[in-house]
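Notes for the one structure printed next.
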Amino acid sequence: MTVGELSGAVALVTGGGAGIGRAICLDLAAAGARVVVIDRSDPSDVADQIAASGGESLAVVADVTSEQAMVDAGAAAVDRFGGIDALVNNAGVFASLASGPFEQISVAQWRLAMDVNVMGSFLATKAVVGAMRTRGGGRVVNIASTTALKGTADLLHYTSSKGAVLAMTRALARELGPDGILVNAVAPGFTVSTGVEQNSDHVAGMRVAAPGGRVLKREMVPEDIVGAVRFLCGPSSGFITGQTLVVDGGAYFH
Ligand SMILES: NC(=O)c1ccc[n+]([C@@H]2O[C@H](COP(=O)([O-])OP(=O)(O)OC[C@H]3O[C@@H](n4cnc5c(N)ncnc54)[C@H](O)[C@@H]3O)[C@@H](O)[C@H]2O)c1
């Protein structure tokens, strides 16, 4: 077992197969967590990379919009590692979404953003909370976005979905606090992730504009986010809940 601040903890990461989620998985594993990598595309390469570094990991192919798939993923984690300590709700759609004036957003695109980004976090949390209660506590970290804080235009489906994630974070913190389950959010700024690289035409304008709006004038990469997530999964944040930690190089002061 890897020795670190999360030594022995069992952490589930949705959307862990690529982008920000992948970086989170590798970092939590490096801190000693046993990581359940959940993704709708086979994330075995991430689990293999963790194993090659001496860590323990389980790859689970599952779609966060399926209630049964999330229940099965939680059960697989308990079966393999004996319990669940942390969940990172990272799976989301962003760069593949069509942007533009809100009247041009289709119902199908609206539903996609809400299904994956909001309902997916709801279903994954619902699936693990019983195991966390059995453990006597746990951590939920929701990956939100600064778009919800800034009110970013021309992405109303996405911005609204992340606003819901922030509201869910606060309400669940109140509901789950008595069980010792802490619920927080990390709100990243525009990040050059796998999805951004794959949809470069959709996000070209944002990619150019983002560094100029920051105190720290460079592109943001997935590795910039992992420390905040690890902190909120670990022993140093044991009296913090219902909060949103902005990680964006100083573009939005929350
Ligand atoms: N990239 C950014 O600029 C940015 C900024 C702020 C917040 N975020 C948020 O960070 C998270 C990760 O974004 P990213 O840019 O790394 O994305 P990405 O597209 O690079 O990776 C997303 C991963 O989630 C998986 N996924 C998507 N839908 C899924 C589903 N229904 N079930 C299971 N897995 C699913 C994908 O297969 C992929 O592996 C998202 O919640 C996103 O909204 C991204």
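The values are calculated or read from the model by the stated rules, or taken from the named source; none is laboratory data. As the structure is a computational prediction, the values presented were derived from the model and not from experiment. Heads up, the Cβs are rebuilt from the backbone with ideal geometry, glycines too, and the neighbour counts pull from every protein chain shown. Protein only, heavy atoms only, side chains kept; ligands, DNA and RNA dropped before computing areas. Shrake-Rupley method; radii C 1.70, N 1.55, O 1.52, S 1.80 Å.
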| Residue list for the range 162-173, filter: touching a Gly at 6+ places or on another chain (Cβ under 8 Å) and either surrounded by 17 or more Cβ atoms within 10 Å (Cβ to Cβ) or on the phi > 0 side of the Ramachandran plot (or both) | Thr169, Ala173
| request: Could you tell me which numbered condition Leu155 fails, if it satisfies all but one of (1) in contact (Cβ under 8 Å) with a residue 12 or more places away in the chain; (2) under 25 Å from Glu103 (Cβ atoms); (3) within 11 Å of the ligand (Cβ to nearest atom); (4) open to solvent by 30 Å² or more (accessible area, probe 1.4 Å)? | output: (4)
| field | Residues satisfying the stated conditions in the range 223-254, i.e. β-branched (Val, Ile, Thr) and within 15 Å of Val13 (Cα to Cα) | value | Ile225, Val226, Val229
| Single condition Leu245 does not satisfy, out of (1) touching a residue at least 24 places away in the same chain (Cβ under 8 Å); (2) open to solvent by 60 Å² or more (accessible area, probe 1.4 Å); (3) closer than 18 Å to Thr147 by Cα; (4) not in a strand (DSSP E or B) | (4)
| message | Scan the range 119-133 and tell me whether some residue there is within 12 Å of the ligand (Cβ to nearest atom), out of contact with any His (no Cβ under 8 Å at 6 or more places or on another chain) and open to solvent by 10 Å² or more (accessible area, probe 1.4 Å). | response | yes
| Taking the range 61-93 as the search range and keeping residues that are of a type in the set (Asp, Glu) and open to solvent by 50 Å² or more (accessible area, probe 1.4 Å), which one is farthest from the chain's Cα centre (by Cα)? | Asp79
| task | Taking Ala148 as meeting all but one of (1) surrounded by fewer than 20 Cβ atoms within 10 Å (Cβ to Cβ); (2) part of a helix (DSSP H, G or I); (3) within 11 Å of the ligand (Cβ to nearest atom), write down the number of the exception. | result | (1)
| said: Every residue in the range 18-56 that is open to solvent by 20 Å² or more (accessible area, probe 1.4 Å) and either in contact with a His (Cβ under 7 Å, 6 or more places away or on another chain) or within 18 Å of Val116 (Cα to Cα) (or both), please. | reply: Ala18, Ile20, Arg22, Asp39, Arg40, Ser41, Asp42
| field | Every residue from the range 206-229 that is open to solvent by less than 70 Å² (accessible area, probe 1.4 Å) and out of contact with any Ser or Thr (no Cβ under 9 Å at 6 or more places or on another chain) | value | Ala209, Pro211, Gly212, Gly213, Arg214, Val226, Gly227, Ala228, Val229
| field | Meets criteria (within 12 Å of the ligand (Cβ to nearest atom) and on the phi < 0 side of the Ramachandran plot) for Gly227 | value | no
